[in-house]
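S.K.: Pasting in a structure now, in structure tokens, and then I'll have a few things to ask.
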Amino acid sequence: MIRVLRDERGMALAVAIFALVVAGALIAGAFFAGTQEQRVGQNSLRVQQSFGVGEAAINEVVRNWNPQIYNALPIYPADSFVFAPVLSGGGTGSYTGVIRKLNSNLYMVDVTGRDRASAAGQAFGSGARQRLGWLMRVRLLDVAVGASLTTQGDVKLVGNAYVDGNNWIPDGWTGSICDNTDPGVAGIREPDTAVVQQSGPHVSGYPPVLKDPTVADSTFTQFGDVTYNELAAAATIQLPGGNYKSFPTWSGTTCDRTNPTNWGDGLNPAGVCGSYWPIIHISGDATMNGDQGQGILLVDGDLSIQGSYQFYGLVIIRGTLSTAGGGSTEAHFWGGVMAQNATLNLNSLSGHATLNYSKCAILTALNMTGIVAPERSRGWSQLY
Amino acid sequence: MPHLTRRGFTLVELLIALLLMGIVTAAFYGSLTTNQRAYQKQTQVIDLQQNMRAAAAILPSELREVDASEGDIRAMSATSITFLAHRWMGFICLPPVMPLLANPVTMRVRRDPFYGRWPINTATDTLFVRYEGDDASRKDDSWAHAQAAAPVVAAACPDTKPGVQITMNLNLGALPNVAGAITSGSPVLGYETVTYGLYQPVAGGDWYIGLTTANGRQPLIGPLLPNGLSLSYYDSTGVVTANRDSVARVDIVVRAMTNQQVRSTTGASTLARVVDSVRTSVALRNNRRY
């Protein structure tokens, strides 16, 4: 049979299709590899940007440290401070994180930074993030307390007044910094001035009276790299001179920190206002007529204590300290008092006035009011 | 049509057809070859860039956490550095009894939060325990060196939260051995000794950045040029230093090359490896500040 080749067809189409498929596969492969490379490159860039956001964020947290919020945190594992996403400076991204209080003076700032595209959900996949941590230590005010009462002026002690340099722990106060076994410090530290004690001894300590020629104006105005004026400007409560009665106020479980005469609750450290430690600055002469307070008290003028009053922490007075009365309470001050007595008037302590040195009260006041600084070494870490 | 009367292609037609087919095939082949070479080069260059990216990511992230001022850098040269690399961080919930009477001592560390590698490798990890010293001063805050003396065991913290007990030999060095010097809440850091250095896995072969740990050495980044890793060390004033304790910044230069030879340009006849480099400056974050 003779075959008639009616359906003769070439192979051009098949070859062309094959060629197109091969070329297409190569081009697609090249594009795929290129796209992957571009994405990896972009992700690397985002990781770097997120890292920058994270580092900037930690510094921002430290720069804006609010002792009244962060220092009042309960010690971990109780609640930590969690901050919601915050836009970082210049719109470079955003960060979230948590601040954990590890003990009385140590904090862990744990921050996760994200670049702008990742934070906005515009990045491929889930974008990039970098988690960084920095251990922060409270930057204590460099105050040369060194005695229950430090002064430049003469001191007169009468009645039941007593200045005690032994290290006291206030009733009900606990915690590692209150477990110290330090014996104490001098009762009174002054350059070379008179200490008049009428009717028996009124001072004890190591030694009871320390003549210290280094006590000078700067002792009361310069605390390391912080001046008295800077400290006063950073005070939580600003008051003019006058007569005051301070006592804790709260609503439910919330301490009322808006009340300028609420200076915390040193008598009840576990109370609602027990964790409130303000810095109080009075820009003039002040008279206290009760009841109590805690923190750092700065008085530009003279301070007069009438009747029973209790203050826990550090007191710095640019003028003269005088006390009278005292009622049935044992002490006026727990911590350390520095009365510059610049006018060289008499520091007059009478009535049932007692100045008890307490390292625990001083340290707690400084820890609760201080800003933080990075740990001395090994504080920075990249968290995973 | 009768078979014998059918006419075939003439020789000329056949030659023309063959010529046209040859031209088309040559063009197609040329295109495929160019495409294939471009693809090959691209993948090689991508590998190269990935290598350099790895170098620019791994080395800085390890070095950032180094505290050279307190001896973390154990050895350093222009092509190699041995140091303590940070691996984990935990927090004490039950501190060792202080003053320290005798080693070994125990402490308990929380399981949460716990950052980094888990479980703790007691055979190889070096521990640093935060030393508070005097509460009233930051200037005596430090880290006590410790080495695990027994396997870590699960043990609850005093507040009943999950924790682990670490038995260790604590070395206070010159730090005062006083009560309360190590407090609850203090961090404990775990470190591993590592070496990053330029080496040749096979004599005469390619160079790599190798990572050496207690488990041995493995190639990490490469292939590199014979001068593929250059490390420069600077102190806090920006001056080159040979003193390990003074290092504040490390400059890293990585010179990598492709795995295979590729044509440098399309159509070039010579084959060569593509070379690229990356330079990174790393500031050490954990040097002692005051």
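S.K.: Does B:A102 fit the bill of being farther than 15 Å from B:L189 by Cα, surrounded by fewer than 23 Cβ atoms within 10 Å (Cβ to Cβ) and at pLDDT 95 or above?
M.R.: No, not satisfied.
S.K.: Here's another thing I want to ask about it. Write out, first by first residue and then by second, each pair whose Cβ atoms fall under 6 Å of each other, whose residues are 6+ apart or on separate chains, and whose first residue, in the range A:9-27, is at the interface with chain B (Cβ under 9 Å from one of its Cβ atoms) while the second is at pLDDT below 80 and surrounded by 10 or more Cβ atoms within 10 Å (Cβ to Cβ).
M.R.: The qualifying pairs are A:L26/B:N35.
S.K.: Follow-up question, since we're still on this one. Which of the residues belonging to the range A:108-128 are within 14 Å of chain B (Cβ to nearest Cβ) and either open to solvent by 20 Å² or more (accessible area, probe 1.4 Å) or among the hydroxyl-bearing types (S, T, Y) (or both)?
M.R.: Across the range A:108-128, the qualifying residue is only A:T112.
S.K.: Within the range A:214-224, can one find any residue that is buried (at least 20 other Cβ atoms within 10 Å of the Cβ), free of Cβ contacts under 8 Å to residues at least 24 places away in the same chain and away from chain B (no Cβ under 14 Å)?
M.R.: no
S.K.: What tally of residues in the range A:163-207 results from selecting those that are assigned to a strand (DSSP E or B), surrounded by 21 or more Cβ atoms within 10 Å (Cβ to Cβ) and not small (G, A, S)?
M.R.: Counting residues in the range A:163-207 that are assigned to a strand (DSSP E or B), surrounded by 21 or more Cβ atoms within 10 Å (Cβ to Cβ) and not small (G, A, S) gives 6.
S.K.: Just to be sure, is B:L271 touching a residue at least 40 places away in the same chain (Cβ under 8 Å) and either in contact with a Lys or Arg (Cβ under 6 Å, 6 or more places away or on another chain) or open to solvent by 10 Å² or more (accessible area, probe 1.4 Å) (or both)?
M.R.: Judged against the criteria, B:L271 is not a match.
S.K.: Run down B:T160, B:T183 and say which single residue is polar (S, T, N, Q), open to solvent by 20 Å² or more (accessible area, probe 1.4 Å) and more than 17 Å from B:L84 (Cβ to Cβ).
M.R.: Being polar (S, T, N, Q), open to solvent by 20 Å² or more (accessible area, probe 1.4 Å) and more than 17 Å from B:L84 (Cβ to Cβ) holds for just one of B:T160, B:T183, which is B:T160.
S.K.: Out of (1) closer than 30 Å to B:T258 by Cα; (2) at pLDDT 95 or above; (3) buried (at least 17 other Cβ atoms within 10 Å of the Cβ), what's the single condition that is false for B:A54?
M.R.: It fails just one condition, (2).
Let's see how each residue does on (1) of a type in the set (A, V, I, L, M); (2) touching a residue at least 24 places away in the same chain (Cβ under 8 Å):
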residue: A:A234; (1), (2): yes, yes
residue: A:L239; (1), (2): yes, yes
residue: A:F247; (1), (2): no, yes
residue: A:N262; (1), (2): no, no
residue: A:V272; (1), (2): yes, yes
residue: A:S304; (1), (2): no, no
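S.K.: Could I ask something else about it? Residue under question is B:A146, and the condition is that it be open to solvent by 30 Å² or more (accessible area, probe 1.4 Å) and either aliphatic (A, V, I, L, M) or in contact with a helix residue (DSSP H, G or I) (Cβ under 6 Å, 6 or more places away or on another chain) (or both); does it hold?
M.R.: no
S.K.: Can you work out which of the residues in the range A:313-341 that are assigned to a strand (DSSP E or B) and surrounded by fewer than 24 Cβ atoms within 10 Å (Cβ to Cβ) is modelled with the lowest pLDDT?
M.R.: Among them, the one singled out is A:A324.
S.K.: Return the total of residues in the range A:141-162 being at pLDDT below 85 and either surrounded by 22 or more Cβ atoms within 10 Å (Cβ to Cβ) or among the hydroxyl-bearing types (S, T, Y) (or both).
M.R.: Number of matching residues: 2.
S.K.: For the range B:57-92, how many residues are of a type outside the set (K, R) and within 8 Å of chain A (Cβ to nearest Cβ)?
M.R.: The qualifying residues number 9.
S.K.: Across the range A:55-100, what is the total count of residues that are open to solvent by 30 Å² or more (accessible area, probe 1.4 Å), part of a strand (DSSP E or B) and more than 27 Å from B:P158 (Cα to Cα)?
M.R.: Number of matching residues: 5.
S.K.: To continue, here is another question. Pick from the range A:133-155 the residues that are aliphatic (A, V, I, L, M) and part of a loop (DSSP other than H, G, I, E, B): which of them is nearest to the chain's Cα centre (by Cα)?
M.R.: In this case the residue turns out to be A:L140.
S.K.: In this structure, is A:A119 hydrophobic (A, V, I, L, M, F, W, C) and more than 30 Å from the chain's Cα centre (by Cα)?
M.R.: No; evaluated as a whole, the condition is false for this residue.
The values are calculated or read from the model by the stated rules, or taken from the named source; none is laboratory data. Fair warning: this is a prediction, and the values are worked out from it, not measured in the lab. Cβ coordinates were reconstructed from backbone atoms using ideal geometry, including for glycine residues, and neighbour counts include every protein chain displayed. These accessible areas exclude ligands, DNA and RNA; they are computed on the full protein's heavy atoms, side chains included. Shrake-Rupley method; radii C 1.70, N 1.55, O 1.52, S 1.80 Å.
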